[in-house]
Amino acid sequence: QKEVEQDPGPLSVPEGAIVSLNCTYSNSAFQYFMWYRQYSRKGPELLMYTYSSGNKEDGRFTAQVDKSSKYISLFIRDSQPSDSATYLCAMSAGSGYSTLTFGKGTMLLVSP
Amino acid sequence: DAGVTQSPTHLIKTRGQQVTLRCSPKSGHDTVSWYQQALGQGPQFIFQYYEEEERQRGNFPDRFSGHQFPNYSSELNVNALLLGDSALYLCASSLVANEQFFGPGTRLTVL
């Protein structure tokens, strides 16, 4: 079993839809959770950064963490064609030695 | 404020050769991490440098080595290149623990 599981997609939605992206993990030591957006052949861009369980909202993006279920989600409201990209979840155990463990990424396609 | 920069953008090498990739961290960041991203996969952690020392290392062979300079910039060296080393190599910098910012990457092709 991989430490972080993420459905690779692709996930195709029409413009304006609400998108839900998810990851599950097996390592209960993970405390820091991140979502990155990666356009084709580019470096990952940090979208959301959360600590422990709960919700965090930033504009059209909402990140949710449920540590009891080892499940994290990213919601995108009013999706736009410019949101078409691969979304990577990442997580880390400690605040000091901060190596990230990534999922494989979910490809999102938003059609006009 | 310049973000994380990496050079070169693309690189083509043949098996057995050696390669050096370079990274300049975001202004004010003192920690640099390197990741390898194969096509269709998430980034895999190679190692992390802080105060010019390797602080942590992932599951990569000794052919992969690195260095951090006093100005916090960093190099990744790969010796005896294999076809399987073909990937996007990403550098990430951070100051606050875990909030890592990535550069655009160097795409390495090994023929």
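For the range B:53-65, name all the residues that are open to solvent by less than 60 Å² (accessible area, probe 1.4 Å) and either within 12 Å of B:Y35 (Cβ to Cβ) or among the charged types (D, E, K, R) (or both).
Within the range B:53-65, B:G58, B:F60, B:R63, B:F64 qualify.
Out of all the residues in the range A:31-61, which are open to solvent by less than 50 Å² (accessible area, probe 1.4 Å) and touching a helix residue (DSSP H, G or I) at 6+ places or on another chain (Cβ under 9 Å)? Give the derivation first.
Quick first cut of the range A:31-61, residues open to solvent by less than 50 Å² (accessible area, probe 1.4 Å) only: A:32-38, A:43-44, A:46-50, A:52, A:54, A:61.
Within the range A:31-61, A:R37 is the sole residue that qualifies.
Can you report the number of residues in the range B:11-59 which are assigned to a strand (DSSP E or B) and facing chain A (nearest Cβ under 10 Å)?
Within the range B:11-59, residues that are assigned to a strand (DSSP E or B) and facing chain A (nearest Cβ under 10 Å) number 13.
Considering only the range B:94-106, state which residues are at pLDDT 95 or above and more than 7 Å from chain A (Cβ to nearest Cβ).
Keep residues of the range B:94-106 that are at pLDDT 95 or above, which gives B:102-106.
If the condition is that a residue be at pLDDT 95 or above and more than 7 Å from chain A (Cβ to nearest Cβ), then B:T106 is the only one that fits.
What's the total number of residues in the range B:9-40 that are at pLDDT 95 or above and touching a Lys or Arg at 6+ places or on another chain (Cβ under 8 Å)?
Number satisfying all stated conditions: 4.
Checking the condition in contact with a Leu (Cβ under 6 Å, 6 or more places away or on another chain) and within 14 Å of another protein chain (Cβ to nearest Cβ), which residue from A:Y32, A:Y39, A:Y49, A:Y87 passes?
A:Y87
Only one of these conditions is not met by A:S92: (1) surrounded by fewer than 13 Cβ atoms within 10 Å (Cβ to Cβ); (2) modelled with pLDDT under 95. Which number is it?
(1)
Does B:S73 satisfy the criteria of being more than 8 Å from chain A (Cβ to nearest Cβ) and open to solvent by less than 10 Å² (accessible area, probe 1.4 Å)?
So B:S73 fails the test.
Which count do you get for residues in the range A:52-61 that are within 14 Å of chain B (Cβ to nearest Cβ) and charged (D, E, K, R)?
2
Just checking, which of B:L82, B:L39, B:L90 is closer than 27 Å to A:C23 by Cα and loosely packed, with under 15 Cβ neighbours inside 10 Å?
Exactly one residue qualifies, and that residue is B:L39.
Considering only residues of the range A:1-21 that are of a type in the set (D, E, K, R) and part of a loop (DSSP other than H, G, I, E, B), which is farthest from the other protein chains (Cβ to nearest Cβ)?
Checking each candidate, the answer is A:E15.
Return yes when B:R22 is open to solvent by 50 Å² or more (accessible area, probe 1.4 Å), under 13 Å from B:S73 (Cβ atoms) and basic (K, R) and no when it is not. Break it down into steps so the answer makes sense when it comes.
Values: open to solvent by 50 Å² or more (accessible area, probe 1.4 Å): yes; under 13 Å from B:S73 (Cβ atoms): yes; basic (K, R): yes.
For B:R22, the condition - open to solvent by 50 Å² or more (accessible area, probe 1.4 Å), under 13 Å from B:S73 (Cβ atoms) and basic (K, R) - is met.
Could you list, in sequence order, the residues of the range A:3-30 that are in contact with a strand residue (DSSP E or B) (Cβ under 9 Å, 6 or more places away or on another chain) and open to solvent by 60 Å² or more (accessible area, probe 1.4 Å)?
Within the range A:3-30, A:E3, A:E5, A:D7, A:P8, A:P10, A:S12, A:P14, A:E15, A:I18 qualify.
Mind checking whether some residue in the range B:76-88 is assigned to a strand (DSSP E or B), more than 14 Å from chain A (Cβ to nearest Cβ), under 12 Å from the mean Cα position of the chain (by Cα) and in contact (Cβ under 8 Å) with a residue 60 or more places away in the chain?
Yes: one or more hits.
The values are calculated or read from the model by the stated rules, or taken from the named source; none is laboratory data. These numbers come from a predicted model, not from an experiment. Here Cβ is always computed from backbone atoms with ideal geometry, including for glycine, and neighbour counts include all displayed protein chains. Accessible surface areas use protein heavy atoms only, side chains included; no ligands, DNA or RNA. Shrake-Rupley method; radii C 1.70, N 1.55, O 1.52, S 1.80 Å.
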